[in-house]
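Enquirer: If you scroll down you'll find the structure; I have some questions about it.
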Amino acid sequence: MDYFAIEEKALKIIEKYTGAHYPPTTLPTFEFDAEKCTHCKACAQACPTSCIQWDEEKKMPYATGYKGMELACISCNTCEAVCPANCIRVRGEYRVVYGRYKTPDDKQGEMTPPMPFGDKDLNRDFKDIEKDLTETEKVIYRRRSIRLFKDKPVPKELIHRIIEAARFAPSAGNNQPWKFVVVTNRDLIDKVDKQCAKVLDAIKWMYAGSGTWRKVAVSLTSYLQVNNMDQRPIPAIQKVHQSGGSITWGAPVLIHILKDVRGISNPDLDTGFAAHNLVLAAHSLGLGTCYIGFIASAIKYLPWLKKEIGIEYPYDLVTSVCVGYPKGKLDNPVYRGQVPVEWIE
């Protein structure tokens, strides 16, 4: 009997079901060139978590952590993408090294820029590569989640165009199990923001901080809701709290994307196709978008609010998308981690 193999298997089983609460994590590095900074504060304003803060006295950004997280950074590179002076650099990967949320062993390698033509792209400027790309590829590589919007309404004609792009997404059995609820009423958007923020605060309270009861609660909950107990949303919820409950970033348009729960095969996947058709079309038209998953996570506990925005059986909310005009040129390519690929020839 191979006792070492049995022991290794047992350790893997233990790891699979433990360490869900604040697992040991390697984090990226944050570099800042103060001499280049224009003091626009875009990095702090656009950061999706509470990581990047602005020091008013020193007139510069700084990176910080949040209750159990040494650095509240998720390696999204948004701060780098929105900086007009190119004075911020984020390198390195967010990587969980042990526990239930351990990063897969085959997901290795440095963060790199877009490399559609292979390793020869690594040291080339994106502008040199861009001339050889299709228009679709350009939108894909440049598209960023936008969190800085102008106070400017989006014409109804453009909203129709992006929804029409979503309508032509593929779906299992051509079932098209989707519905779109377009909200431009500012009072209703703010109401959804604030009510959902209260639910998110309760989730944050349960997770954030130390204590044996939290570790047990998070581990047990992760058995039932493995996709909802990762630590990364916690500093993002704190950002919502710091903003006074704003989830939708002041966007003038909020589109709720619903699925027919009776849809063939996998209606969540189908509505995801439709949503991203909508997002890519929006960016190709000069608009900006941001997926908002927090509303779908919270609104399930607020049935009266679901009814108010027209979510009734057989439909349920999958995700929401903010739409508006970006405040500045914010669509820029960033670095991303390597993806595991296996070739079978």
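The values are calculated or read from the model by the stated rules, or taken from the named source; none is laboratory data. Note that the structure is a prediction, hence the values are computed from the model and not measured. Cβ atoms come from the backbone with ideal geometry, glycine included; neighbour counts cover every protein chain shown.
Enquirer: Restricting the search to region 247-270, which residues are buried (at least 20 other Cβ atoms within 10 Å of the Cβ) and either assigned to a loop (DSSP other than H, G, I, E, B) or among the β-branched types (V, I, T) (or both)?
Expert: I247, T248, W249, A251, V253, I255, I257, G263
Enquirer: Can you tell me which residue in region 1-20 is farthest from V216 (Cα to Cα), limited to those that are at pLDDT 80 or above and in a helix (DSSP H, G or I)?
Expert: Once the filter is applied, the top-ranked residue is K9.
Enquirer: Looking for something polar (S, T, N, Q), closer than 21 Å to T136 by Cα and touching a residue at least 60 places away in the same chain (Cβ under 8 Å) - is there at least one such residue anywhere in region 256-275?
Expert: Scanning region 256-275, I find at least one residue that is polar (S, T, N, Q), closer than 21 Å to T136 by Cα and touching a residue at least 60 places away in the same chain (Cβ under 8 Å), so the answer is yes.
Enquirer: Could you check region 289-343 and list, in sequence order, the residues that are under 26 Å from P28 (Cβ atoms) and of a type in the set (D, E)?
Expert: Within region 289-343, just D331 meets the criteria.
Enquirer: Okay, next question. For region 9-47, how many residues are crowded, with 16+ Cβ neighbours inside 10 Å, of a type in the set (S, T, N, Q) and more than 29 Å from G250 (Cα to Cα)?
Expert: 1
Enquirer: Inside region 169-204, can you point out the residues that are more than 24 Å from the chain's Cα centre (by Cα) and either surrounded by fewer than 14 Cβ atoms within 10 Å (Cβ to Cβ) or assigned to a strand (DSSP E or B) (or both)?
Expert: G173, N174, N185, D187
Enquirer: Could you check region 312-345 and list, in sequence order, the residues that are at pLDDT below 95, hydrophobic (A, V, I, L, M, F, W, C) and either closer than 28 Å to I189 by Cβ or touching a helix residue (DSSP H, G or I) at 6+ places or on another chain (Cβ under 8 Å) (or both)?
Expert: Hits for region 312-345 are L330, V334.
Enquirer: Please determine, by comparing only the residues of region 227-246 that are aliphatic (A, V, I, L, M) and not in a loop (DSSP other than H, G, I, E, B), which one is surrounded by the fewest Cβ atoms within 10 Å (Cβ to Cβ).
Expert: A236
Enquirer: So F273 fits all but one of (1) part of a helix (DSSP H, G or I); (2) among the aromatic types (F, W, Y); (3) within 21 Å of A72 (Cα to Cα); what number is the exception?
Expert: (3)
Enquirer: Continuing with this model, one more query. When you look at D190, is it closer than 25 Å to S145 by Cβ and either of a type in the set (K, R) or modelled with pLDDT of 95 or more (or both), yes or no? Full working, then the answer.
Expert: Working: closer than 25 Å to S145 by Cβ: yes; either of a type in the set (K, R) or modelled with pLDDT of 95 or more (or both): yes.
Yes, satisfied.
Enquirer: Only one of P84, P114, P61 is touching a helix residue (DSSP H, G or I) at 6+ places or on another chain (Cβ under 6 Å), more than 22 Å from P233 (Cα to Cα) and either assigned to a loop (DSSP other than H, G, I, E, B) or of a type outside the set (S, T, N, Q) (or both). Can you tell me which?
Expert: Of P84, P114, P61, the one residue that is touching a helix residue (DSSP H, G or I) at 6+ places or on another chain (Cβ under 6 Å), more than 22 Å from P233 (Cα to Cα) and either assigned to a loop (DSSP other than H, G, I, E, B) or of a type outside the set (S, T, N, Q) (or both) is P114.
Enquirer: Let me ask another. More than 16 Å from the chain's Cα centre (by Cα), surrounded by fewer than 15 Cβ atoms within 10 Å (Cβ to Cβ) and of a type in the set (A, V, I, L, M): which single residue out of L285, L278, L305 fits that description?
Expert: L285
Enquirer: Next question, about the same structure. For region 65-81, which positions are crowded, with 18+ Cβ neighbours inside 10 Å and part of a loop (DSSP other than H, G, I, E, B)?
Expert: L71, A72, C73, I74, S75, C76, N77
Enquirer: Any residue in region 58-87 that is farther than 13 Å from P28 by Cβ sitting within a Cβ distance under 7 Å of a residue that is of a type in the set (A, V, I, L, M) and part of a strand (DSSP E or B)? List the pairs, counting only those 6 or more apart or interchain.
Expert: P61/I52
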